[in-house]
2 protein chains.
Amino acid sequence: MIQDKKLNIINAAMKSFSHFGYKATTMDQIAKIAQVGKGTIYTYFSSKEDVLNEIIKLYVNEMRQVARGAIIQEDSFVKNFNAALHAITKFQEEHELMIKLSQEVKDMGTPEVIEVLQEVEDEICEFIEMKITAAIQRGELQKCDPKMTAFLMFKMYINLVNDWKERHQALDQDEITGFIKMYFIEGIGNKK
Amino acid sequence: MIQDKKLNIINAAMKSFSHFGYKATTMDQIAKIAQVGKGTIYTYFSSKEDVLNEIIKLYVNEMRQVARGAIIQEDSFVKNFNAALHAITKFQEEHELMIKLSQEVKDMGTPEVIEVLQEVEDEICEFIEMKITAAIQRGELQKCDPKMTAFLMFKMYINLVNDWKERHQALDQDEITGFIKMYFIEGIGNKK
DNA sequence: ATAATGACTATAATACTATAACGGTCAATT
DNA sequence: AATTGACCGTTATAGTATTATAGTCATTAT
């Protein structure tokens, strides 16, 4: 029953953050949606920011599940990389939360939101890093710094999925897999 | 003599934009520094934005010169890529203009400035694109879309030079050359 | 004639102030 | 022991008065 109340609050906050963003959501609103008194929120959370952080923690866990679910043991590293990132992207599109928070950072720059989005990015990079380390061990990838490789691959993925389409046309999943493979795995140099 | 006045104005505006940014620079200020009446500015330029655009046009030309100057015919594509980008970066650090304008975009989002910075980025990408096309023709690079390759290489360079150092430590020019070569040219895949 | 000028204007940004809304607390209530 | 909403100090917002700014144009200088 105690967990029930906390869950109500989390769900209410999640809903409101997704619809209106972090700043535009008031504690009174969360309390109203959750059907609890405002004070009750503070028995489970220390502040508004704390509510956001807990929600992101749950969200990141779900995201990790989704990414794991997209991976097929027998498939190549690149294929799984793209499958996982694509699954994460789709997950984020389905749940408005990240989209709304990204918007908020873009046009208001709310510091608390900047911080949690950075955390989400770090988590994704860490996930990729693990997969890279494994791929190196099984000999699929050459020795390289897993942290930096993860960072660069993630950035390239975002460049391909989001930034490229702003100036040219959008790419589908297979095209992206192809490009990542071409540029990152095989390289575009010609051996002499 | 007519060119002299226009040049005065351009130099005055350049100085003021570099010190105070675009928004914080007033036409009265430009006129004062250039030692002309404000009305005179409008015989050479149609608007404040026009002044900015002409300055950027000159700036991009200088940048191109600098980039060309950094290139050594006998050197490899990657080496020249890094030399050129490094020269551009140093050029931008020496002349405060770009740094000030980037700041302004970050904390005020002035639309006119966003636009010219995008133009500068496009110009750099076009420069890289030319070099890539040449490298493909002489067989140093595999066949690939030069526009996208230029875009991705530029972004990776920025990721390495700017974004990585925010979370970890800065990399020097040789390290960056090494990474670009490793990830982009040779690839990190292991042939079976 | 032509080019240059700065007082002038309409508009947009800023500073100021009064008001409302907010996050967080806590005495009263269940 | 858990829950609550009226309450408080602070911050954000709205409304308004004032200033500053981009751009014009009649006047002046060349």
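Each value in this text was obtained by applying a stated rule to the coordinates, not by laboratory testing. On a predicted model such as this, the values are computed, not experimentally measured, just so you know. Positions of Cβ are backbone-derived with ideal geometry, glycine not excepted, and every protein chain shown enters the neighbour counts.
Tabulated values for the structure
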| item | result |
| --- | --- |
| Peptide B:173-183 - average C-beta neighbours from other chains (10 Å radius) | 2 |
| Of A:Lys155/B:Lys106; A:Lys155/B:Lys15; B:Lys15/B:Lys106; B:Lys15/B:Lys181; B:Lys106/B:Lys147; A:Lys147/B:Lys23, those spanning more than 30 Å from alpha-carbon to alpha-carbon | A:Lys155/B:Lys15; B:Lys15/B:Lys181; A:Lys147/B:Lys23 |
| Descending Cα extents along the principal axes, the stretch B:131-176, whole Å | 37, 20, 13 |
| A:Glu74 versus B:Ile99: modelled label distance in nm, points set 7 Å from Cα along the beta carbon direction | 5.7 nm |
| Nearest residue to the symmetry axis between A and B, taken on chain A by its Cβ, in whole Å | A:Gly187, 1 |
| Acute angle (nearest 10 degrees) that the helix B:111-137 long axis makes with the longest principal axis of chain B, alpha-carbon atoms | 40 degrees |
| Evaluated at q = 0.15 Å⁻¹: base-10 log I(q)/I(0), Debye formula over Cα of the stretch A:53-192 | -0.81 |
| Model label zone, B:Asp28; criterion: amide N under 17 Å from point 7 Å along Cα-to-beta-carbon; scope the stretch B:41-65 | B:41-42, B:48 |
| Directionally averaged projected area (convex hull, Cα atoms, the stretch B:1-128), nm² | 8.5 nm² |
| Contour excess over end-to-end distance, with Cα ends at B:Leu171 and B:Lys5 and 0.36 nm allotted per residue | 55.4 nm |
| Value in Å of the Kirkwood radius, where the stretch A:1-45 supplies the Cα pairs that are averaged | 10.2 Å |
| For chain B: relative contact order, % (alpha-carbon pairs under 8 angstrom, 6 or more apart) | 18 percent |
| Rg over Rh [alpha-carbon atoms, Kirkwood Rh] for the protein assembly as shown | 1.04 |
| Unit charges on C-beta of K, R, D, E only; dipole of chain A, Debye | 140 debye |
